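As structure tokens, the structure follows; a few thoughts come after it.
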Amino acid sequence: MKLLVTGGAGFIGSAVVRRAMAEGHEVVNLDALTYAANLENVAAVSRRSGYSFARVDIRDRDALDRVFARHAPDAVLHLAAESHVDRSIDGPDAFVATNVIGTCTLLQAARAHWIERGRPEHFRFLHVSTDEVFGSLGETGAFTEETPYDPRSPYAASKAASDHLVRAWHETYGLPTLVTNCSNNYGPFHFPEKLVPVVILRALAGEPIPVYGDGRNVRDWLYVEDHARALLLVLTRGAVGRSYAIGGESAISNIDLVERICAILDELAPGARPYRAQIAFVADRPGHDRRYAIDPRRIREELGWRPEVDLDAGLRATVRWYLDNAAWWRPLLARTGVGERLGLR
Ligand code: NAD
């Protein structure tokens with residue numbers, strides 16, 4: 001297939017681009033190249049035939065129309081978004097602009113292209129979303145595809161809005177859409193403002209490793225390459241109009257995760273003292289959701305997907321990757337806001 005991947009210069013989008021090319025698809029990578037983007041993420045495939053790049057903002061309808069007309073994609077995988085919760089607390093407008101207005105603009109451009117080509121049945125619009133739209137869990141339970149939406153951060157609210165738009169474009173206009181709601185991702189090429197790379201890079205720099213609140217917030221971690229595999233499976237085998245919750249089957253509290261990363265670093269890059277001595281508890285994120293967990297039954301039973309990389313193996317591979325790729329992450333530390341405490345209201 002010819003796939004239009006939005007946000008393909010970001011963390012997850014680039015994993016999707018690399019995997020899609022490896023599976024033999026053609027890829028048009030569409031990205032505005034915001035602070036979170038890095039074309040190095042796709043350097044392994046960007047010279048191959050079947051790959052092209054368009055620097056386009058998803059709010060720019062004319063530019064989107066030109067990309068659809070030029071490339072005539074069979075499917076859209078929509079990952080372009082503002083993605084950092086802390087930044088959404090300081091500046092929610094950018095999240096509404098890209099995640100809500102941008103998604104609406106992209107849906108309209110995709111629908112016009114789909115109509116123009118005679119409403120092909122095989123066309124797909126896959127919208128990549130988050131489990132954060134479901135809110136916060138107590139001590140028990142897990143999110144399913146039927147869980148009512150209850151977003152609590154500006155980021156989650158903007159993603160929830162975009163999910164609703166995508167569903168509406170299916171119900172109202174018949175556009176063949178799919179939605180996925182995934183748990184926290186980690187892995188190589190993760191932008192150094194997110195928890196896992198922050199821990200690795202602060203530890204290596206000999207700086208305090210910040211843990212929000214009491215560190216007991218629980219997240220379900222999924223290795224990014226497993227997520228990319230799941231997305232291509234949902235795209236090719238998922239039922240139109242349906243949503244799929246994607247989880248890592250690796251729920252762990254933030255403090256336990258941080259300690260695990262420190263222990264791996266103690267093995268792979270031993271310092272004078274254990275890295276866990278650098279852990280520093282800091283003020284909590286406002287509205288910090290306590291626990292997320294995914295019940296992955298639908299994608300497992302209907303599509304036969306399960307994560308292949310367990311948390312220990314994935315964290316080891318990730319730590320190793322950051323140790324080997326300072327040339328990738330070092331320049332990113334100079335980008336606006338990286339290394340600063342954001343989102344304190
Ligand atoms: P990211 O921030 O690493 O990448 C986002 C990409 O989108 C960047 O390359 C950026 O330049 C691009 N972009 C931003 N605004 C744009 C615009 N207006 N027009 C065109 N391109 C634009 O994000 P990520 O972590 O790779 O997340 C990708 C998607 O997956 C997002 O939609 C996010 O909500 C969702 N998601 C992320 C996670 C996670 O743990 N990271 C979990 C579940 C779902």
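Farthest towards the positive end of the charge dipole of region 1-96, among the residues SER46, ALA15, ILE58, is the Cα of SER46, using unit charges on the Cβ of Lys, Arg, Asp and Glu. When both region 171-188 and region 44-70 are represented by their alpha-carbon centers, they are found 20 Å apart. In this Cβ point-charge picture (+1 for Lys and Arg, -1 for Asp and Glu), the chain has a dipole of about 640 debye about its Cα centre. Region 213-238 and region 135-153 have their alpha-carbon centroids 16 Å apart. Highest mean packing first, where packing is the average number of other Cβ atoms within 10 Å per residue, the peptides 62-69, 183-190 line up as 183-190, 62-69.
Percent of alpha carbon pairs in region 237-308 separated by more than 22 Å? Pairs farther apart than 22 Å: 50 percent. The orientation-averaged shadow of the Cα convex hull for the chain, equal to a quarter of the hull surface, comes to 16.1 nm². Binning the alpha carbon pair distances of region 189-247 at 10 angstrom intervals from zero yields the distribution 17, 35, 26, 17, 5, expressed in whole percent.
Distance between the pseudo-spin-label points of GLU302 and TYR173 (7 Å out from Cα toward the beta carbon): 2.3 nm. Within the chain, DSSP assigns beta bridges of which about 10% are antiparallel (rounded to the nearest 5). Hey, can you find the accessible area per residue of region 157-245 for me, probe 1.4 Å, expressed in square angstrom? On a per-residue basis, region 157-245 sits at 29 Å². Computed from the alpha carbon atoms alone, the convex hull of region 65-112 holds 70 Å³ per residue. Packing-based ranking of 71-82, 251-262 yields 71-82, 251-262, ordered from highest to lowest mean Cβ neighbour count within 10 Å.
Sparse packing (at most 14 other Cβ atoms within 10 Å of the Cβ) combined with a DSSP loop state is found for the following GluC sites (Glu not before Pro) in region 1-60: GLU23.
For the chain, what is the calculated [θ] at 222 nm in deg cm²/dmol (nearest 500), taking -39500 (n - 2.57) for each run of four or more DSSP H residues and dividing by its residue count? The helix contribution divided over the chain gives -11500 deg cm²/dmol. Using a Gaussian network model of the chain whose springs link C-alpha atoms within less than 10 Å, name the residue from THR130, THR318, THR147 with the highest mean-square fluctuation. Evaluated over the chain, the most mobile residue of the options is THR147.
Of the peptides 169-177, 47-55, the order by per-residue mean of other Cβ atoms within 10 Å, starting with the highest, comes out as 169-177, 47-55. Positive end of the dipole of the chain (Cβ unit charges, origin at the Cα centre): among ALA110, GLY174, LEU204, the Cα lying farthest that way belongs to ALA110. Solvent-accessible surface of region 291-341, taken per residue with a 1.4 Å probe and all protein chains present: 53 Å². Got a number for carbon plus sulfur as a percent of the chain's accessible area, 1.4 Å probe? Taking all protein chains in place, the chain shows 48 percent carbon and sulfur surface.
The values are calculated or read from the model by the stated rules, or taken from the named source; none is laboratory data. Because the structure is predicted, anything quoted here is derived from the model rather than measured. Cβ: placed from backbone, ideal geometry, glycine included. Neighbour counts: every protein chain shown. Please note that ligands, DNA and RNA were not included when accessible areas were found on the heavy atoms of the full protein model with its side chains. Shrake-Rupley method; radii C 1.70, N 1.55, O 1.52, S 1.80 Å.
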